[in-house]
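Structure first, then comments.
The values are calculated or read from the model by the stated rules, or taken from the named source; none is laboratory data. A quick note: this is a predicted structure, and the numbers were derived from the prediction, not measured. Because the Cβ atoms are built from the backbone with ideal geometry, glycine has one as well, and the counts that use them run over all protein chains shown. Side chains are part of the model used for accessible areas, which takes the heavy atoms of the whole protein and leaves out ligands, DNA and RNA. Shrake-Rupley method; radii C 1.70, N 1.55, O 1.52, S 1.80 Å.
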Amino acid sequence: MEHDEQAERLEREVEKLEHESERVGEHIDQARDEWEAKEADSSVPGAQPDETEEPGKRTDPSGPDTGATPDAPEAAGEPSDPDDPGTAR
């Protein structure tokens, strides 16, 4: 009997997870539709793709971003302010 109870509990869990998966999928679809509408609206700053990008084919914004430009002193491991006594050379 214990196996039957566990099987029923797992079936309920599967149904719950399937429902949540559908809900999340709908949320993603809604967010995608909203973003595509913003891309089409020229009054939304920053939403239009670059000329080199196809609409809806943006690059992944979650890629690595160090926040430093290659020419910045911090990128080369140098202190940004040579007069700062807290940074030794």
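Side notes on the structure shown:
- The residue list Ala7, Ala72 contains one member that is open to solvent by less than 70 Å² (accessible area, probe 1.4 Å) and at pLDDT below 55, which is Ala72.
- Among residues of the range 23-36 that are in contact (Cβ under 8 Å) with a residue 12 or more places away in the chain and part of a helix (DSSP H, G or I), those with a beta-carbon under 9 Å from a residue that is among the small types (Gly, Ala, Ser) and surrounded by 10 or more Cβ atoms within 10 Å (Cβ to Cβ) at least six positions away or on a different chain give the pairs Trp35/Ala47; Trp35/Gly56; Glu36/Gly56.
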